[in-house]
Amino acid sequence: MKVIFIKYSLLLLLAGFLISWWFLFYSPLVIPDYIPGTSIKIDGLILLSILTTILIFSQKEFLKSQPELTILKLTLIGTLICFSSEIVFQLIRQLTFDGYHPTERIRYFARGVFGVTIFAAVISFLVAFQLKTKKTFKLVLMIIGFIVLVNLIQHLLGESQ
């Protein structure tokens, strides 16, 4: 089980984070912030794609080795995979923050680790639910509900500012 965890967290997901980070911010290619004509950020779409792919493959492999794993345990495993790779990624990223005040560094580190991990926990739950139950219609309803909830929160927070 440890080998599967290390394979997906410290090798594949961390590599995905590092490659996409370099590709988006340091490569000679000029990549726009948004998909043209939409409000969809390219870096967010890439992050979602990497996370979802890694979580699907890792949770499938965990289920092959231990079919009795529950949705909760699969969700926690997926969340821990992301948390561990995000900590290492953010530590590496800190090396590029020349001239930043230590409090700014801590704020960026915490936002990256906790923000991405919370997001990954939601994705991990959705993947675990699908893999364990195969109830696609319920999954689609949960995704729609999650999108509505996020938009409602953004709307409420946007009006209070």
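The values are calculated or read from the model by the stated rules, or taken from the named source; none is laboratory data. From a predicted model like this one, the values you see are computed outputs, not experimental measurements. Glycine also receives a Cβ, built like all others from the backbone with ideal geometry; neighbour counts cover every protein chain displayed. Accessible surface is based on the protein model in full, side chains and every heavy atom, while ligands, DNA and RNA are left aside. Shrake-Rupley method; radii C 1.70, N 1.55, O 1.52, S 1.80 Å.
Just to be sure I understand, how many residues within the stretch 98-118 are of a type outside the set (D, E, K, R), assigned to a helix (DSSP H, G or I) and more than 10 Å from T79 (Cβ to Cβ)? Let's see the steps before the verdict.
As a first pass, look at the stretch 98-118 and keep what is of a type outside the set (D, E, K, R): 99-103, 106, 108-110, 112-118.
Next cut, assigned to a helix (DSSP H, G or I) only: 102-103, 106, 108-110, 112-118.
Checking which are more than 10 Å from T79 (Cβ to Cβ) leaves us with 102-103, 106, 108-110, 112-116.
So the count comes out to 11.
Select from the stretch 132-161 the residues that are open to solvent by 70 Å² or more (accessible area, probe 1.4 Å), in a helix (DSSP H, G or I) and of a type in the set (S, T, N, Q) and write down the one among them that is modelled with the highest pLDDT.
T136
Please verify whether L14 is under 18 Å from L126 (Cα atoms) and touching a Phe, Trp or Tyr at 6+ places or on another chain (Cβ under 9 Å), treating the condition exactly as stated.
no
Return the residues of the stretch 103-131 that are more than 19 Å from the chain's Cα centre (by Cα) and open to solvent by less than 80 Å² (accessible area, probe 1.4 Å); say none if nothing qualifies. Before the answer, list the steps.
Filtering the stretch 103-131 down to residues more than 19 Å from the chain's Cα centre (by Cα) leaves 103-106.
Within the stretch 103-131, E104, R105 meet the criteria.
Looking at the stretch 47-59, is at least one residue small (G, A, S) and within 22 Å of K132 (Cβ to Cβ)? Write out each step before concluding.
Taking the stretch 47-59 and keeping what is small (G, A, S), we get 49, 58.
With the extra rule that they be within 22 Å of K132 (Cβ to Cβ), the set shrinks to 58.
The answer is yes; a qualifying residue exists.
If I go through the stretch 48-81 residue by residue, how many of them are closer than 20 Å to F23 by Cα and surrounded by 17 or more Cβ atoms within 10 Å (Cβ to Cβ)? Don't jump to the end; show me each part of the working.
Step one: filter the stretch 48-81 for residues closer than 20 Å to F23 by Cα, giving 48-54.
From the residues that got through so far, the ones that are surrounded by 17 or more Cβ atoms within 10 Å (Cβ to Cβ) too are 50-51, 54.
Residues in the stretch 48-81 being closer than 20 Å to F23 by Cα and surrounded by 17 or more Cβ atoms within 10 Å (Cβ to Cβ): 3 in total.
When you scan the stretch 6-42, how many residues do you find that are open to solvent by 60 Å² or more (accessible area, probe 1.4 Å) and in a helix (DSSP H, G or I)? Spell out how you get there, then give the answer.
Residues of the stretch 6-42 open to solvent by 60 Å² or more (accessible area, probe 1.4 Å): 6-7, 10-12, 19, 22-23, 25-26, 28-30, 32-34, 36-41.
Restricting the remaining residues to those that are in a helix (DSSP H, G or I) gives 6-7, 10-12, 19, 22-23, 25.
Qualifying residue count, the stretch 6-42: 9.
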